Amino acid sequence: MRYSTVFYITIGIVLFFIMVTVLGDIAAEDAAGMIRMSIEWLTKYVLPWIFLYWFIKLVRKIK
């Protein structure tokens, strides 16, 4: 896959999870709290997998 395609897919996944988290709790809290919770959720569950993917790609490139 090309670099730009992977980059846009990664950004799309992150934005998707932000939207799902914010819209899922729209009646429960205020907007600032939802954004904070979605960023916390992303950093805890989604971003480590993205960083792992890029790290593995870097290690393969170095070899």
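Observations on the structure shown:
- The simple spin-label model puts a point 7 Å past each Cα toward its Cβ; for Leu52 and Val6 those points are separated by 1.6 nm.
- Förster radius 35 Å - calculated FRET efficiency between Trp41 and Lys61, Cβ distance, rounded to 0.05: 0.70
- Protection proxy ranking of 5-17, 48-60 - average other beta-carbon atoms within 10 Å, highest first: 5-17, 48-60
Readers should treat all values here as calculations from the given coordinates under stated rules, not as data from a laboratory. Keep in mind the model is a prediction, meaning the values are calculated, not measured. Positions of Cβ are backbone-derived with ideal geometry, glycine not excepted, and every protein chain shown enters the neighbour counts.
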